[in-house]
1. Report the residue count in segment 47-67 for those that are in contact (Cβ under 8 Å) with a residue 40 or more places away in the chain, touching a strand residue (DSSP E or B) at 6+ places or on another chain (Cβ under 7 Å) and of a type in the set (A, V, I, L, M, F, W, C).
2. Identify, by number, the condition in (1) under 24 Å from C298 (Cβ atoms); (2) buried (at least 17 other Cβ atoms within 10 Å of the Cβ) that A180 doesn't meet.
3. Just to be sure before I move on: is G214 over 30 Å from E85 (Cα atoms) and either touching a Cys at 6+ places or on another chain (Cβ under 9 Å) or of a type outside the set (S, T, Y) (or both) in the structure I sent?
4. Confirm whether R55 is modelled with pLDDT under 90 and crowded, with 19+ Cβ neighbours inside 10 Å.
5. Of all residues in segment 1-50, count the ones that are open to solvent by 30 Å² or more (accessible area, probe 1.4 Å), hydrophobic (A, V, I, L, M, F, W, C) and either part of a helix (DSSP H, G or I) or closer than 16 Å to D121 by Cβ (or both).
6. In the list Q154, Q171, which residue meets the criterion of being assigned to a helix (DSSP H, G or I), of a type outside the set (D, E, K, R) and open to solvent by 20 Å² or more (accessible area, probe 1.4 Å)?
7. Taking into account only those residues within segment 215-232 that are open to solvent by less than 60 Å² (accessible area, probe 1.4 Å) and part of a helix (DSSP H, G or I), which is nearest to S291 (Cα to Cα)?
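The values are calculated or read from the model by the stated rules, or taken from the named source; none is laboratory data. None of the values given here were measured: they were computed from a predicted structure. Don't worry about glycine lacking a Cβ; one is built from the backbone with ideal geometry, like all the others, and counts go over all protein chains shown. Accessible surface areas use protein heavy atoms only, side chains included; no ligands, DNA or RNA. Shrake-Rupley method; radii C 1.70, N 1.55, O 1.52, S 1.80 Å.
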Amino acid sequence: MPELPEVETVRTAMESQMKGLIIRRVIISDKRMRWPIPENLPEQLNGGVIMGVRRRAKYLLIDIDVRRGKSEKLNQEQGANKTTEWCLLLHLGMSGSVRIYPPDHHPTQQQKHDHLIINADHDQSNDMDTAWTKMVLNDPRRFGGAQLIKRQDQDQHPLLRALGTEPLGNQWNGEALKKAIKGRKTSIKSALLDQRVVAGIGNIYASEALYQAGISPKRQAGKISISRIEALTGAVKDVLRRAIAAGGTSLRDHVQPGGEIGYFVQKLHVYGREGEACHHCKSPIKLIRQSGRSSFYCPQCQR
């Protein structure tokens, strides 16, 4: 599943290539997703302007302003010349990806697992499909999906309202994490994966941050000292930033919107390296299962 760095990489590309474009056509597939794509999405978004792209945890949030005039169908409910501020939420699921095709570089036909296609351009009078920028949500396993939310209601949406603090924000530090895990008897690895504790950290980067901080994934969260928690939050921020700079980690499914792979896989110290030598002490990396998830760690360097 794409984690925070992969989603942030996608967000950056979408922001740079889609911001300011006018949506000309929205196409959705008839295949059911984990979060079904609304059937009225084309009707709601056609003619809208993409105002920007944000990220919350592992979700992409596309801000779209749609202005309706007196003669438009949707205006019956919304009122004349009223702008509706939408937030289109995308989740990439286990195997999803977003691809962006510039004008005149589109695939010749819709691909099998393309579930959402947004065509957009700068010129409202342009009716040539090949001249449009095309954004495609492709998801072979269909564990992702899309939701359309009024922007003023997004913080109360069921997928967003319980999310914890963003780990790359200034508000997240050792003190904040210590408070969030106070009294918890769960392992620190499980705590980092709890999206209510901190938003966006997944299995790969939790393992790597714990290695960098020298903390065993088995250690009880609520009993870790503040000094070690501060080292952990610093390691999380460092690992995430380096992963974003490398375009994420392409272990199987992740590709960037232009088709490039992520190269952070070449910098992993423990994840996926069971039995291989630790880069620091040369001890073999171990693998354990925690809450159904794989945890990789060095038994000598992590205590």
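1. 6
2. With respect to (1) under 24 Å from C298 (Cβ atoms); (2) buried (at least 17 other Cβ atoms within 10 Å of the Cβ), A180 is out only on (1).
3. Details: over 30 Å from E85 (Cα atoms): yes; either touching a Cys at 6+ places or on another chain (Cβ under 9 Å) or of a type outside the set (S, T, Y) (or both): yes.
Spelling it out, G214 is indeed over 30 Å from E85 (Cα atoms) and either touching a Cys at 6+ places or on another chain (Cβ under 9 Å) or of a type outside the set (S, T, Y) (or both).
4. Working: modelled with pLDDT under 90: no; crowded, with 19+ Cβ neighbours inside 10 Å: yes.
For R55, the condition - modelled with pLDDT under 90 and crowded, with 19+ Cβ neighbours inside 10 Å - is not met.
5. The number of residues fulfilling the criteria is 2.
6. Working: Q171 fails: assigned to a helix (DSSP H, G or I).
Among Q154, Q171, only Q154 is assigned to a helix (DSSP H, G or I), of a type outside the set (D, E, K, R) and open to solvent by 20 Å² or more (accessible area, probe 1.4 Å).
7. Taking the candidates together, the pick is A221.
For (1) at pLDDT 95 or above; (2) of a type in the set (A, V, I, L, M, F, W, C), each residue gets a yes or a no:
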position: A131; (1), (2): no, yes
position: G144; (1), (2): no, no
position: K150; (1), (2): yes, no
position: N170; (1), (2): no, no
position: E175; (1), (2): yes, no
position: K178; (1), (2): yes, no
position: I188; (1), (2): yes, yes
position: R196; (1), (2): yes, no
